[in-house]
Amino acid sequence: MARKRALITGITGQDGSYLAELLLAKGYEVYGIIRRSSSFNTGRLDDIYQDPHVPHARLHLVYGDLNDASSVNRILRTVKPTEIYNLAAQSHVRVSFDIPEYTAEVTALGCLRLLEGIRETKIPAKFYQASSSELFGRAAAPQSEKTPFQPVSPYAVAKLFAYWTTVNYRDSYGIFACNGILFNHESPRRGETFVTRKITRAIARIKHGLQDTLYLGNLDAKRDWGFAGDYVEAMWLMLQAKTPKDYVIATGKTYSVKDFLTVAFGEAGLDWKKYVRIDKRYFRPLEVDVLLGDARKAQRELKWKPRVSFKQLVKMMLDADLKLVSQEIHGKKSH
């Protein structure tokens, strides 16, 4: 039996690296699209290459860009993937207000170029589109697959385009295409500009005397936070199902930024009120107050459920950052 081939866009990101690990462990040949730049952005994949138990010889990185349809089509024809996971995006909601056109180009039209590439090349690949809980915007919680979308950021509007494009290509051309409407999911590999990682990294620096103040925006925003490693399993499960459908992936529990601060600083034996200051630059022009997912459909049909709790997730991230900052300090001292 031929080995399954997966193509991952956004492989250098948080979700891409966890998904690559999962698929390699399941025996896949994994191809990841990376953009050419003057510096390497593959740090999240280093652990895969360094792990003696992971068959990294089956991990291939190919140059391409979702803004370039010809490169997308060339990769599809060359790789001939059986599964495609579109995780690439300009994914920072606050930043999308500053660069809305670029956000739309990558996040919205990038999805269209992939689906059109599948249609043109006639490659029988299953397609996963990374949708977002930001689609719901200010819709009343809890939010399920039946909740009307109310996007309130350029990022969310771009994701809305990609969501309906995926549905349209599924209905119009019979492509096996799924949307995973994933609620917030974090990990030690989360980018440092995202609020959760910003908090745990700041605590680690405070503990080591490198920082004394943490500037944040809206502390009352509530999110349904899960572990990225759990959520990539849901992506894979969607493409193993008999029928392509769209699923909400969430924990069903909500916590505020203030709750995250309390747990994270508490783990470090610190009082967050002594270190945190509010900076209005971090507020969004339109704020999403509460995101709370109803993932019962995924639990019922995909047999998926989250394994890592909120407190376990916070501790995991804090422990990783404490270790990272310690290594950075000792690395500087040894030079």
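Leu270 to His60: FRET efficiency via 1/(1 + (r/R0)^6), r the Cβ-Cβ distance, R0 45 Å, to the nearest 0.05?
That gives a FRET efficiency of 0.55.
Between Ala2 and Glu287, what's the calculated FRET efficiency when r is the beta-carbon distance and R0 is 45 Å? Round to 0.05. If you can, show how the numbers build up before the last one.
Working: r = 49 Å, r/R0 = 1.09.
Efficiency, rounded to the nearest 0.05: 0.40.
Using the alpha-carbon centroid of each, what span in Å lies between the range 264-327 and the range 81-98?
20
At what distance in nm do the modelled label points of Glu192 and Arg138 sit from each other, each positioned 7 Å from its Cα along Cα→Cβ?
3.5
How much length, in nm to one decimal, is gained on full extension between Lys122 and Glu328, taken as 0.36 nm per residue of separation minus their Cα-Cα distance?
Numbers: separation 206, 0.36 × 206 = 74.16 nm, distance 4.87 nm.
Result for the pair: 69.3 nm of gain on full extension.
Report, in whole Å, the centroid distance computed from the Cα atoms of the range 232-261 and the range 139-198.
Cα centroid of the range 232-261 versus Cα centroid of the range 139-198: 10 Å apart.
With an 8 Å cut-off on Cα pairs and a minimum separation of 6 or more residues, tell me the relative contact order of the range 14-144 in percent. All intermediate terms of the calculation are to be shown ahead of the outcome.
On the way: 128 pairs, mean separation 31.1, N = 131.
This gives 24 percent for the range 14-144.
Among the listed pairs Lys297/Lys323; Lys26/Lys146; Lys146/Lys305; Lys80/Lys245; Lys242/Lys315, which have their C-alpha atoms separated by more than 29 angstrom in this model? All intermediate terms of the calculation are to be shown ahead of the outcome.
Numbers: Lys297/Lys323 38 Å; Lys26/Lys146 32 Å; Lys146/Lys305 20 Å; Lys80/Lys245 23 Å; Lys242/Lys315 37 Å.
Listed pairs above 29 Å: Lys297/Lys323; Lys26/Lys146; Lys242/Lys315.
For Kirkwood radius over Cα pairs in Å, the choices are (i) 20.6; (ii) 24.6; (iii) 25.5; which was calculated from the structure?
(i)
How would you classify the range 139-227 from its alpha-carbon gyration tensor, with a ≥ b ≥ c the square roots of the eigenvalues: rounded for a/c under 1.5, else prolate if a/b is greater than b/c, otherwise oblate?
On the way: a/c = 3.11, a/b = 2.35, b/c = 1.32.
Prolate is the answer for the range 139-227, as a/c is 1.5 or above and a/b outweighs b/c.
State, in angstrom, two size descriptors of the range 231-299 derived from its alpha carbons: Rg to one decimal place and Dmax to the nearest whole number.
Rg and Dmax of the range 231-299, Cα atoms, are 17.7, 53 Å.
Can you compute the helix-only [θ] at 222 nm over the chain? Use -39500 (n - 2.57) per DSSP H run of at least 4 residues, normalise by all residues, nearest 500 deg cm²/dmol.
It comes out at -12500 deg cm²/dmol, rounded to the nearest 500.
Give me the net charge for the shell around Thr147: Cβ to Cβ below 14 angstrom, other residues only, Lys and Arg +1, Asp and Glu -1.
Around Thr147, the charge tally is -1.
So, with a 1.4 angstrom probe, what is the percent of accessible area on the range 210-335 that is carbon and sulfur?
Of the solvent-accessible surface of the range 210-335, carbon and sulfur hold 51 percent.
Using a basic spin-label model with each label point 7 Å from the Cα along Cα→Cβ, how many nm lie between Arg277 and Ser309?
Spacing of the two 7 Å Cα→Cβ label points: 3.6 nm.
Show me, for the range 209-216, the HN-Hα J-couplings you get by feeding each phi into the Karplus relation (A = 6.51, B = -1.76, C = 1.60, θ = phi - 60°), rounded to Hz, glycine and proline as x.
Each residue's phi maps through the Karplus curve to give x, 9, 8, 10, 9, 10, 9, 9 Hz.
The values are calculated or read from the model by the stated rules, or taken from the named source; none is laboratory data. Quantities reported herein were computed from a predicted structural model and do not represent experimental measurements. Note that each Cβ is placed from the backbone with ideal geometry, even for glycine, and that neighbours are counted across all protein chains shown. Accessible surface areas use protein heavy atoms only, side chains included; no ligands, DNA or RNA. Shrake-Rupley method; radii C 1.70, N 1.55, O 1.52, S 1.80 Å.
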